[in-house]
Amino acid sequence: MKFFLDTADVGKIKAAVEMGMCDGVTTNPTIIMKSGRGQKEVVQEIAALVPGPVSVEGISEDADGMVKEGTEFAKWAKNIVVKLPMTKEGLKAARILEKKGIKTNVTLVFSANQALLAAKAGASYVSPFVGRLDDVSEDGMQLIADIMDILSNYEFKTEVIVASVRDPVHVMDAARMGAHIATIPPDVFEKLFKHPLTDRGIAQFKEDYAKSKK
Ligand code: G3P
């Protein structure tokens, strides 16, 4: 299973890459805005740090505009993936960009049929948003189960990125379901390491070591 970081925080990305825990990065306009930096500058810095794909999202609404924008993004670095919205225009653009050898990630996916359409369009990645479904009292992880089930019937190249991850249970369930990738915000990534019994055990062993015969 691959871990992507869902952030444009270069320091946090660098630390995770050094641990071998960051296989890629996803961004969106909100994440870029929060970084306080220009999109091109920060994405190029991230792309140079990360061994794998870095998703970048534009704002065009028609396929021509998305293809133009995506073609420009792809010049920024070799590992750029163009994020496209789950609309008819987005899928048209995905097909064109993939044919040009530019990888795409169809985002804002909230149903299994949308994921199936993205796979049929030839997208390299599809991003179902689990947290935002949970927010409206739907079961985000059930959507991942359905998508994995459907895609396993066929030979699509599309990889599923579990997105809008809000807690460690989302990551664990994504792994259990065989999702290819989870894109994880830094605060959730930190939580994956922690267990109170680990901390208590370390403290106890340290205490007992100090008490033992030297
Ligand atoms: O990767 C998509 C993700 O950034 C959306 O997350 O928490 O804004 O729903 P969130």
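Each reported figure results from applying straightforward, stated rules to the coordinates on display, with no laboratory input. None of the values given here were measured: they were computed from a predicted structure. Positions of Cβ are generated from backbone atoms using ideal geometry, with glycine treated the same way; all protein chains shown enter the neighbour counts.
Note the direction-averaged projected area, equal to a quarter of the hull surface, for the Cα convex hull of the chain, in nm².
Computing the convex hull of the Cα atoms and averaging its projections yields 14.3 nm².
Filter the cross-link list K40/K103; K88/K157; K12/K99; K68/K103; K40/K68 down to pairs whose alpha-carbon distance in this structure exceeds 24 Å.
K12/K99
If you fit an axis through the alpha-carbon atoms of helix 63-74 and take the longest principal axis of the Cα set of the chain, what angle between them do you get, 0 to 90°, nearest 10?
Rounded to the nearest ten degrees, it is 50.
With unit charges on the beta carbons (Lys and Arg positive, Asp and Glu negative) and the dipole taken about the Cα centre of the chain, which residue among A145, A94, A203 sits farthest to the positive side?
Of A145, A94, A203, it is A203.
Once both labels are modelled 7 Å past Cα along the beta-carbon direction, what's the Y209-D64 spacing in nm?
The modelled label-to-label distance comes out at 6.8 nm.
Within the P(r) computed for segment 1-88, what percentage of the Cα pairs occupies the region above 19 Å?
Taking all Cα-Cα pairs of segment 1-88, the fraction more than 19 Å apart is 36 percent.
What is the sum of charges, Lys and Arg at +1 and Asp and Glu at -1, for the other residues whose Cβ falls under 13 Å from the Cβ of P51?
Local charge sum for P51: +1.
Based on the Cα atoms of segment 114-165, what semi-axes does the equivalent ellipsoid have, where each is the square root of 5 times one gyration tensor eigenvalue, given in whole Å with the largest first?
Ellipsoid semi-axes (Å, largest first): 20, 11, 8.
If you count, for each residue, the other Cβ atoms within 10 Å and average over each peptide, how do 206-212, 9-15, 178-184 line up from highest to lowest?
Taking the mean over residues of other Cβ atoms within 10 Å, the ranking is 178-184, 9-15, 206-212.
Compute, for the chain, the length of the dipole vector about the Cα centre, with Cβ point charges of +1 (Lys, Arg) and -1 (Asp, Glu) only. Units Debye, rounded to 20.
The dipole magnitude comes to about 760 debye.
Mind putting a number on the dipole of segment 118-214 about its Cα centre? Charges go on the C-beta only, +1 for Lys and Arg and -1 for Asp and Glu, and I need it in Debye to the nearest 20.
It works out to roughly 720 debye.
Between segment 49-103 and segment 154-193, what's the alpha-carbon centroid distance in Å?
22
Where a Cα-Cα gap under 16 Å defines reach, which aspartates and glutamates qualify for K75, not counting those fewer than 8 residues away within the same chain?
The reachable aspartates and glutamates, counting only those whose Cα sits under 16 Å from K75, are E41, E45, E57, E98.
Expressed as an acute angle from 0 to 90° and rounded to the nearest 10, what is the orientation of the C-alpha long axis of helix 196-211 relative to the principal long axis of the chain?
Once rounded, one gets 30 degrees.
If you line up the long axis of helix 140-151 against the longest principal axis of the chain, both from Cα atoms, how many degrees apart are they, to the nearest 10?
Helix 140-151 and the main axis of the chain meet at about 60 degrees.
Give the residue from G70, P85, G20 lying farthest towards the positive end of the charge dipole for segment 1-95; charges sit on Cβ (+1 for Lys and Arg, -1 for Asp and Glu) and the dipole is referred to the Cα centre.
Projecting each Cα onto the dipole axis, the largest value belongs to G20.
What's the local net charge at D134, with K and R +1, D and E -1, over the other residues with C-beta under 10 Å away?
Local charge sum for D134: -2.
In units of 2.2 N^0.38 Å, what is the alpha-carbon radius of gyration of segment 122-214?
With N residues counted in segment 122-214, Rg over 2.2 N^0.38 Å equals 1.55.
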